[in-house]
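> Pasting a structure here, questions to come.
The values are calculated or read from the model by the stated rules, or taken from the named source; none is laboratory data. What you see is a predicted model, and the numbers here were worked out from it, not measured in a lab. Backbone-built Cβ (ideal geometry, glycine too); neighbour counts: all protein chains shown.
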């Protein structure tokens, strides 16, 4: 077992996490096959017969209706289950942030965003003020778009709405959501259960890790702090996650270690200010669950481990999967090695801090042949002398 430990690092680097290749599922299945045995005189025939019977029943159960089978049994994670629901009031900043994120992530509002951005650009760069940066334009665009969009839609007549393709959905979104929102303790979506970090304070499980991939290829990691549902005129509802995102600039809150694992530091969160717009909300459908494992070597740093729902299967399994799919199972093995790379296992097993000792194997073989006891050969002379002296002293006495 001491020798086995020397190979574990190389084995993990080649095979990845052990739970993808352990023998426990195989042993459980073998135990199930053994349970088919009814005639101990013919165990193999009993296993074959039991296996065929189970396959036939499984095939027939696919066509049964109104009967609970393994195919129509309710899943462990019921989609959009919320648990305890409460009502809360958003302050003006949270209300604006949540509404703005919904508008900026609705595809049917793209043309209105471009229209408003051009208006802001013309307004800021008119006259002699032509050196305004794009960051300033985008900041004004985000701060003023919600109010402008609501006023623009309300000013349109019926003919204008039909000409510009303004649907009832856009009209409802332009009227802002109710300031009273539903608050959930947990939320299940895409087969994953998310919990707020406060709700899992006394739990041993972790369900508050969140990651979001942007269109630009960036991935943000954070902690789920709240789950709310926006209501637009009782017609449109959006569930949003409020998160605390780690700061990814200048390697303050995010970096990659030598093994390729993403590392985050929760002492450096993104905070809003005059120079940066804080966006704590994301749509629940955009969030992906991750786990954070503490790095014992570096204080306040955690390794990011991506997970996948048990009951969700990718349609792209096979050769058509993109190599840069960050949510594939292979991402859980982020070691920077290719499949053709050979991990060297040529390690030095001999000690070089002591001089070696050569033993003649023929002498040992001859001694074992005559039945010489090894323990009898190594007798301490001093102990014999002490025993002799003890006997002499007794006789004199």
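> Just checking: which of the strands (runs of 3 or more DSSP E) contained wholly in segment 150-215 hold 1 or more residues that are free of Cβ contacts under 8 Å to residues at least 60 places away in the same chain, touching a strand residue (DSSP E or B) at 6+ places or on another chain (Cβ under 9 Å) and surrounded by 18 or more Cβ atoms within 10 Å (Cβ to Cβ)?
Values: elements: 180-184, 186-189, 192-195, 209-213.
Once the strands (runs of 3 or more DSSP E) in segment 150-215 are filtered for at least 1 residues that are free of Cβ contacts under 8 Å to residues at least 60 places away in the same chain, touching a strand residue (DSSP E or B) at 6+ places or on another chain (Cβ under 9 Å) and surrounded by 18 or more Cβ atoms within 10 Å (Cβ to Cβ), what remains is 192-195.
> Also, quick follow-up: For segment 54-77, indicate whether the set of residues that are touching a strand residue (DSSP E or B) at 6+ places or on another chain (Cβ under 8 Å) and closer than 30 Å to residue 196 by Cα is non-empty.
Checked against the condition, which is being touching a strand residue (DSSP E or B) at 6+ places or on another chain (Cβ under 8 Å) and closer than 30 Å to residue 196 by Cα, segment 54-77 yields at least one hit.
> For segment 58-77, does any single residue satisfy the condition of being surrounded by 10 or more Cβ atoms within 10 Å (Cβ to Cβ), in contact with a helix residue (DSSP H, G or I) (Cβ under 9 Å, 6 or more places away or on another chain) and closer than 25 Å to residue 285 by Cβ?
Checked segment 58-77: no residue is surrounded by 10 or more Cβ atoms within 10 Å (Cβ to Cβ), in contact with a helix residue (DSSP H, G or I) (Cβ under 9 Å, 6 or more places away or on another chain) and closer than 25 Å to residue 285 by Cβ.
> Do we find that residue 115 is at pLDDT 85 or above, loosely packed, with under 11 Cβ neighbours inside 10 Å, over 22 Å from residue 94 (Cα atoms) and out of contact with any strand residue (DSSP E or B) (no Cβ under 8 Å at 6 or more places or on another chain) in this structure?
Working: at pLDDT 85 or above: yes; loosely packed, with under 11 Cβ neighbours inside 10 Å: no; over 22 Å from residue 94 (Cα atoms): yes; out of contact with any strand residue (DSSP E or B) (no Cβ under 8 Å at 6 or more places or on another chain): yes.
Considered against the rule, which asks whether it is at pLDDT 85 or above, loosely packed, with under 11 Cβ neighbours inside 10 Å, over 22 Å from residue 94 (Cα atoms) and out of contact with any strand residue (DSSP E or B) (no Cβ under 8 Å at 6 or more places or on another chain), residue 115 comes out as no.
> Can you pull out the helices (runs of 4 or more DSSP H) entirely within segment 24-137 that have at least 2 residues that are in contact (Cβ under 8 Å) with a residue 12 or more places away in the chain and under 30 Å from residue 172 (Cα atoms)?
Ranges flagged: 92-104, 110-124.
> How about segment 83-112: which of its residues are surrounded by fewer than 16 Cβ atoms within 10 Å (Cβ to Cβ) and within 16 Å of residue 229 (Cβ to Cβ)?
83, 84, 85, 86, 87, 88, 89, 105
> Regarding segment 276-289, can at least one residue be identified that is modelled with pLDDT under 85 and farther than 24 Å from residue 187 by Cα?
Yes, segment 276-289 contains a residue that is modelled with pLDDT under 85 and farther than 24 Å from residue 187 by Cα.
> While we're looking at this one, here's another question. Please enumerate the residues belonging to segment 214-230 that are modelled with pLDDT of 85 or more and out of contact with any helix residue (DSSP H, G or I) (no Cβ under 8 Å at 6 or more places or on another chain).
Hits for segment 214-230 are 219, 220, 221, 222, 223, 224, 225, 226, 229.
> Quick one: in segment 216-251, of everything that is in contact (Cβ under 8 Å) with a residue 24 or more places away in the chain and part of a loop (DSSP other than H, G, I, E, B), which residue is farthest from residue 101 (Cα to Cα)?
248
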